[in-house]
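Working notes for the structure below.
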Amino acid sequence: MPDQEQSSLPPLRVDYANLMRPHVEGGVDAERLAGELAARFRRAHEDVERRRSDGDMGFFDLPRAHESLRAVKEVAEGFGQWFEDVVVLGIGGSGLGAMALREALLGPGWNERSADEREHYPRLHVVDNPDPFTLQRLLERISPAKTLFNVVSKSGSTAETMAQYLVVRERVEADVGPDRVKGHFLFTTDAEKGVLRRIAEAEQIPTLAVPGNVGGRFSVLSSVGLLPAAICGMDVDALLLGAAEMEARCRSAVLEENPAGLLATLLHAAHTEQGRAIHVFMPYADRLRATALWFQQLWAESLGKARNLAGETCHTGPTPLAASGATDQHSLLQLLMEGPHDKVVLFAAVEDHGVSVAVPRLHADLPALAYLGGHTLEELLDVERRATAEALRREGRPNATLRLPKVDAASLGQLFMLLEIATVHAGALYGVDPLDQPGVELGKILTYGLMGREGHEVPVLDAGDPARLA
């Protein structure tokens with residue numbers, strides 16, 4: 001992978017004018033941005049840099065993890081042409097990153113294309129939920145003998161993923177025999193410990209390591225996301241190069257020089273000072289829909305906390321909402337325009353969609369149609385975004401726009417790294433740990449008990465009052 005200093009990629013830009021006065025009522029004024037908020041960010045940046053130096057925030061280092069990338073490429077090149085299908089079994093960060101990469105870089109209909117159209121790269125499926133109908137239908141459509149199953153769980157004990165693994169393991173073994181079953185599995189898990197690591201060592205199943213200091217929701221640029229990307233022919237070098245360039249841009253402790261810092265600081269101020277607790281991520285490109293869902297987990301799980309770093313009760317955190325432009329102009333926009341003043345909209349715009357579709361000049365006698373002729377679909381989509389941003393601004397509804405040069409690997413790498421760095425800076429601003437997720441642990445423990453896992457008591461659940469069942 002080229003060093004970041006040797007490259008000059010078209011940059012992703014953060015347009016935050018509609019979070020500022022005088023553009024939008026209630027926005028931040030320039031003097032405050034350069035003064036109080038800049039000082040606040042500088043302290044947050046110091047906190048992040050301290051934790052990064054302590055080795056807690058390994059995602060910063062993933063763009064330059066050359067050994068990890070080399071291992072991914074070796075596995076991808078070794079397996080890539082062997083299989084017709086690759087199935088990722090993973091949930092949360094173990095699945096959403098692969099989904100975002102697939103939709104953005106392979107585009108719609110990848111799995112429906114012929115082998116020639118895919119240049120003989122495999123189809124890619126991500127099964128991120130133990131829904132029996134979904135898994136059963138997938139297993140009916142694919143041939144286990146021609147499929148690689150990538151089981152992704154850092155701990156190796158994720159109930160949903162491991163249940164899927166057990167189901168699939170039995171099906172594959174029945175199809176290819178016990179002697180050949182290990183050739184159809186690849187585990188992405190902790191480098192040293194966990195159930196999957198034990199199985200891999202006992203049965204000589206190939207593995208890729210998840211760095212110990214990289215949590216699931218920050219793992220898209222690790223082997224978790226890179227393996228499915230590489231095995232299907234995505235440009236992982238460009239993905240990491242884009243991430244490296246964004247990481248370099250976000251090193252500055254000067255707020256107005258740091259795009260991730262600006263995003264985190266202005267969204268934090270909108271929430272804590274203006275009561276705008278709902279942050280809507282709304283890309284204007286179908287290929288970024290799954291990225292909006294990826295961001296939703298990143299922002300929610302990192303910032304929604306009951307206690308701050310001092311151990312005090314705080315119950316803080318914004319609520320992210322994934323949307324899609326222009327589709328959700330016909331569902332959410334009414335609420336965004338006239339509902340409670342509790343939202344900030346973060347648009348994602350694409351400057352070059354890679355294709356151009358002209359709108360024909362037909363029905364010239366019908367004014368409702370005639371004006372569209374001579375334009376393009378990509379022009380209409382961007383005009384819709386600009387008009388929506390302006391309409392929100394005029395109603396005093398703050399918004400910002402992330403401007404991506406393209407939906408390609410380099411731009412996506414920039415976007416992932418921007419949002420991840422913004423997340424940890426927001427955590428410092430909120431005074432919470434953006435790397436843990438204690439709120440999900442109780443549900444896991446109760447699940448273990450209800451499913452009969454050894455060492456866990458069966459909990460007594462409140463069944464509710466039968467008289468109140470409608």
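Read-outs throughout are calculated quantities, based only on the coordinates presented, and are distinct from any laboratory measurement. Keep in mind that this is a model prediction, so the values were computed, not measured. Positions of Cβ are generated from backbone atoms using ideal geometry, with glycine treated the same way; all protein chains shown enter the neighbour counts.
Could you tell me whether the stretch 58-236 comes out rounded, prolate or oblate from its Cα gyration tensor? Rule is a ≥ b ≥ c as square roots of the eigenvalues, rounded for a/c under 1.5, then prolate if a/b exceeds b/c, otherwise oblate. Present the calculation step by step, with values, prior to reporting the outcome.
Working: a/c = 1.41, a/b = 1.09, b/c = 1.29.
Judged from the Cα gyration tensor, the stretch 58-236 comes out rounded (a/c under 1.5).
Tell me the GluC sites (Glu not before Pro) within the stretch 401-455 that lie in a loop according to DSSP and have at most 16 other beta-carbon atoms within 10 Å. Each step should come with its number before you reach the end.
Values: sites: 420, 441, 454; in loops: 454.
Sparse-neighbourhood loop GluC sites (Glu not before Pro): 454.
Rounded, prolate or oblate: which one fits the stretch 394-470, using the alpha carbon gyration tensor with axes a ≥ b ≥ c (rounded when a/c is under 1.5, else prolate when a/b beats b/c, else oblate)? Judged from the Cα gyration tensor, the stretch 394-470 comes out prolate (a/c at least 1.5, a/b above b/c).
Beta bridges per DSSP, both residues in the chain: antiparallel share near 15 percent. Label sites at residue 277 and residue 170, each approximated as a point 7 angstrom past Cα along Cα to Cβ, lie 4.4 nm apart. Working ranking of peptides 268-276, 25-33, 93-101 by packing, defined as the average number of other Cβ atoms within 10 Å per residue, highest first, is 93-101, 268-276, 25-33. Relative protection proxy for 379-392, 169-182, from highest mean packing down: 379-392, 169-182 (other beta-carbon atoms within 10 angstrom). If you take all other residues with their beta carbon under 15 Å from the beta carbon of residue 116, and give Lys and Arg +1 and Asp and Glu -1, the sum is -1.
Judged by the mean number of other Cβ atoms found within 10 Å, the most tightly packed of the peptides 228-235, 11-18 leads the ranking 228-235, 11-18. What does the C-alpha gyration tensor say about the overall shape of the stretch 101-171? Classify as rounded when a/c is under 1.5, otherwise prolate if a/b is larger than b/c, or oblate. Verdict is prolate for the stretch 101-171. Multiplying the residue separation of residue 140 and residue 254 by 0.36 nm and subtracting their alpha-carbon distance yields 35.5 nm.
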